[in-house]
Each structure stands twice: as structure tokens, then as C-alpha cells.
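Novice: Before I ask anything, here is the structure I am working with.
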Amino acid sequence: MPDKLPSPALVLGSTSRYRRELLERLGLPFEIRAPEVDETPHAGEAPLALAVRLAEAKAAAVAASFAGTDATMRDVVVIGSDQVADLDGLALGKPLAHDKATAQLRAMSGRTVLFHTAVAVARPATGQCWQAVDTVKVHMRPLSAQDIETYLRLEQPYDCAGSAKVEGLGIVLIDRIESDDPTTLVGLSLITVARLLREAGLDVLAQRAAAQP
């Protein structure tokens, strides 16, 4: 049996069920903490810059919550992430309501939308933070008013930036996707997460192997 590795605890700084479900694929135990972060964009802030800033802010906010705690609890690795849909430089957030989702899909019809998914990994015990961003190009097909209304009534994707769930029925609204990682568009780039975790000192494969009886 492999020696047990002295590893930091893993913390997901997000209450998103999509990110939780994605991180569960790695098979490591993790804690969830809600980041207390104001997600209001700054004046003139580009969508890519917004995604990176919020991912870093979420990781930092959760990492700070461990400051001053018992030494055995301080060594954690915190994942923060944010996704912003970008239509010609305009950030599209979560619509939260039917009318806003309708407006988003109308604007996106027949267009190419960029989805910037930023990830920040912080290890407060070392004071370090690693970050990266992955961008997916989504080519939307032309959508009729009936397409939009039918889709929204069926799936109600009001908690998704861009108003479409690619992992669900939203895939029928799309002509083509350009991406290096199929998990990125769902909300958390697992290839990037695994790499940043290794840089932070948490190797997923080693941890899984060490946990085997």
C-alpha cells in the first residue's frame, strides 16, 4: 500500500452545483465554502478581466477564512472559479429570469460567443496563488423566436451565463464548439484544475493512489 501523503485539504470556493459535480469527478474529498465576493463588474471591465478577477477574489476570500485557525486546518488548497460569457466585448451574466434569458439568446442567435472560465488556486499556508483562464468559442445557430421560447420553457437555464446548458438541451442551439477541454463550458476546467493543483502541491493521482487500501 502506498505511504499516506501529507496533503493539504481541498476546498471548493463555490456553491455552484455544476462546479461541485465537476470536481467530484476527480474522486477526492473536498469541502465547500461560499465566497463572500461582490460580483458587480467594474466600469469598463472586459469580460475576460472580470472572470479572472472574480476567480482570484473567490479563492482569496475563502483562503482568508482559514487565517488564524489551528495549524492542522490552515494547510488547505482553495479553488475559486468564475465564468463570463462574452458577446463582442459585452459580458453576459446569469439571466435569472425568463425575459433576460430571451434577450440573451436573441442577441446570441447566429453569433459566436466566447465563454471565459477562470480558475484560481490558493494555498494560504504558503501565501501563493496560481491562476489560469480557458476560453471556449461557441458558434450559435440562427434561432427563431419559437426556438428560444420552447427551449427556455423546457430547460429554464436561468442560472447559466449565456442562458443555455451545453450539457443538456442547450446543445441543440449550437452549431459548433471550439474547446481544449469539454468540462470548461460547464463551468470548471478540470484539465486546468488538475494542473494548478499539482503546482500547489496536490497531485490528484497520487492522492487517489494513497487512499487505496
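Novice: List the residues whose amide H sits under 5 Å from the amide H of Gln128, counting only those 5 or more places along or on another chain, with H placed 1.01 Å from N in the peptide plane.
Specialist: Arg123
Novice: Right, here's the next one. Going by a ≥ b ≥ c, the root eigenvalues of the Cα gyration tensor, does segment 9-210 fall in the rounded group (a/c under 1.5), the prolate group (a/b larger than b/c) or the oblate group?
Specialist: Note, shape of segment 9-210 comes out prolate.
Novice: Neighbouring Cβ atoms within 10 Å as the yardstick, rank Thr102, Thr192 fewest first.
Specialist: Fewest to most other Cβ atoms nearby, the residues stand as Thr102, Thr192.
Novice: Let me ask something else. If you fit an axis through the alpha-carbon atoms of helix 47-64 and take the longest principal axis of the Cα set of the chain, what angle between them do you get, 0 to 90°, nearest 10?
Specialist: 30
Novice: Of all DSSP beta bridges located in the chain, what percent are antiparallel, nearest 5?
Specialist: Taking every DSSP beta bridge within the chain, about 80 percent pair in antiparallel fashion.
Novice: Turning to a different aspect of this structure: Quick one: helix 145-155 against the long Cα principal axis of the chain, what's the angle to the nearest 10°, folded into 0 to 90?
Specialist: Tilt relative to the chain: about 30 degrees.
Novice: For a protection proxy built on the mean count of beta-carbon atoms within 10 angstrom, sort 138-146, 55-63 highest first, please.
Specialist: Descending packing order for the listed peptides: 55-63, 138-146.
Novice: Give, rounded to the nearest 20 debye, the magnitude of the charge dipole that the chain has about its Cα centre when Lys and Arg contribute +1 at Cβ and Asp and Glu contribute -1 at Cβ.
Specialist: 220
Novice: Rounded to the nearest 500 deg cm²/dmol, what is the calculated helix-only ellipticity per residue at 222 nm for the chain, with -39500 (n - 2.57) per DSSP H run of length n ≥ 4?
Specialist: Mean residue ellipticity, 222 nm, calculated: -9500 deg cm²/dmol.
Novice: Could you state the angle between the C-alpha long axis of helix 98-108 and the longest principal axis of the C-alpha atoms of the chain, as a value from 0 to 90 degrees rounded to the nearest 10?
Specialist: 80
Read the figures in this text as sums done on the coordinates, not as results from a lab. Just so you know, these numbers come straight off a predicted model, no measurement behind them. Cβ: placed from backbone, ideal geometry, glycine included. Neighbour counts: every protein chain shown.
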